1. Give the angle, between 0 and 90 degrees and rounded to the nearest 10, that separates the Cα long axis of helix 258-269 from the longest principal axis of the Cα atoms of the chain.
2. Helix 139-158 sits at what angle to the longest principal axis of the chain, using alpha carbons and giving 0 to 90 degrees rounded to 10?
3. Rank by packing, highest mean first: peptides 9-22, 90-103, with packing defined as the count of other Cβ atoms within 10 Å averaged across residues.
4. At a 10 angstrom cut-off on C-beta neighbours, averaged per residue, how do the peptides 283-293, 139-149, 260-270 rank from highest to lowest?
5. Suppose every Lys and Arg Cβ carries +1 and every Asp and Glu Cβ carries -1, with no other charges. What dipole size does the chain come out with about its Cα centre, to the nearest 20 debye?
6. Going highest first, how would you order 213-222, 61-70 by mean Cβ packing within 10 Å?
7. State the extension gain, in nm to one decimal, for the chain segment bounded by Glu237 and Ser176, taking 0.36 nm per residue of separation less the distance between their alpha-carbons.
8. Show which lysines lie in cross-link reach of Lys274 when reach means a straight Cα distance below 17 angstrom and same-chain residues fewer than eight apart are skipped.
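All of the numbers you see were taken from the coordinates with simple rules; none came from a lab. Since the structure is predicted, the reported quantities are computational estimates derived from the model, not experimental observations. We place every Cβ from the backbone using ideal geometry, glycine too, and count neighbours over all the protein chains shown.
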Amino acid sequence: MSILVCGGAGYIGSHMVAHLLENNKDVVVLDNLQKGHKEALLGGKFYLGDLNDSEILDKVFSENSIEAVIDFAAYSLVGESMIDPLKYFQNNVGSTINLLKTMNKHKVKNIVFSSTAATYGEPEAVPINENDRTFPTNPYGESKLTVEKILKWCDLAYGIKYTALRYFNAAGAHISGKIGEDHNPESHLIPIILQVALGKREKIMIFGNDYPTKDGTCIRDYVHVSDLASAHLLALERLKKTGKSKIYNLGNGTGFSVKEVVDVAKKVTGVDIKVEKAPRRQGDPAILIASSLKAMEELNWNPKYNSLETIIDTAWRWHKNHKNGYSK
Ligand code: UFG
C-alpha cells in the first residue's frame, strides 16, 4: 500500500516525502513541476502531472494501491491571489475537487489536506484556536477554507475522512542539508534574509514598522518544515485509527517580529544584514500565533526544531550550499 503525495516536489511536499521514506513508507508522488523541483525528491515513484487532469489521476490510482493521500498541490502566494483570485479558486479548489472525485471512484477514504493560518484572516485574539472565527482576508486563504468546507461534505456523503492542517509560517530545511526552500521568485522572509547574507541581495525590505506590535513590525509563528511533515504522518495514522475528520493548527506558539527574525539571522550567519523600511504589504495581519495544543494532545505532535535559531540554522546550511537553489 502506498501513500500518494500530491505536490510532493514542492517545499513542504518534498520534506513530507523525505519523512515518509525515513519511516519506510511506500510513496507515490504526483507533481506538475510548475513550482516543484525534481531534485527535491529523495525517492518515491514519480508521476509528472496535474491534479486538474483526470486522466493522469486515474492512471496513478489504477497503477498503484493507494491507501491515503496527502495533498500539498496548490498556489500559495497571498499577493498574487489578490491580483488573480480566479487562478487561485480554479487551481486550489477545482483541482482538489478532481482529486476527491478520483479518490471516491477508487474508494480511497483518507486524506490529509494542507491548509493554512490564512483561513483565519485578522485574528480576534492570539494564540489562535481551531474554533476561532475564520474570515480570510485574501483569496488564497479563502480557497483553502473552501476546500475545508468541501471536505466536510465529502465526509458526510462519501465517507472520505480528512485531516486539515492549518500551518503558520513554514521555515527551515531538512537536517541532512539535502533539501530546502527554493521559490522563484522568492517572497518569504527567511530565505530572502539569507539571500542578503549570501550577498545575492543588497538588503531586506521590512514591510511596515507601524503595526501595533512591540517594535512595530509583524509577528509570526515560525514552524520547522520537518516538524510539519511529522505532524502529517501522525495525522494520517490517527485518521486511519479513529476514522474521525479533524482540523489542527500547526505552529510553535511563539511569535517573532520581523526585526527579531533579522537579529536571529544575523547571529546565525555572522553577517550584518542590511535592512530598509518599506510600506506595509497588502493583506498582512499584524500578529499570527498558533495554539497547537490540540495537535500536541491528540496527535502527540512534539516539534523537534522549535527554536527560531535552529530553524534559521537549518535553512542557512541549505542556502549556503545551494546558492542558486536547485538549479546548477
Ligand atoms: N516580510 C518582510 N519583508 C520581506 C518578506 C516578508 O518584511 O521581504 C514580512 C511580511 O510582511 C510578514 C513576515 O515578514 O510580516 C512573514 O512574511 P512571509 O512572506 O515569509 O510569510 P507570510 O506570513 O506572509 O505568509 C505565510 C505563508 C502563507 C500563508 C500565511 C498565513 O507563506 O502561505 O503565512 O498568513 F498564507
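1. Result, in degrees: 90.
2. Here the helix axis deviates by roughly 20 degrees.
3. The peptides rank, most packed first, as 9-22, 90-103.
4. 139-149, 283-293, 260-270
5. About 320 debye.
6. With the highest mean Cβ count within 10 Å placed first, the list reads 213-222, 61-70.
7. 19.5 nm
8. The reachable lysines, counting only those whose Cα sits under 17 Å from Lys274, are Lys200, Lys203, Lys259, Lys266.
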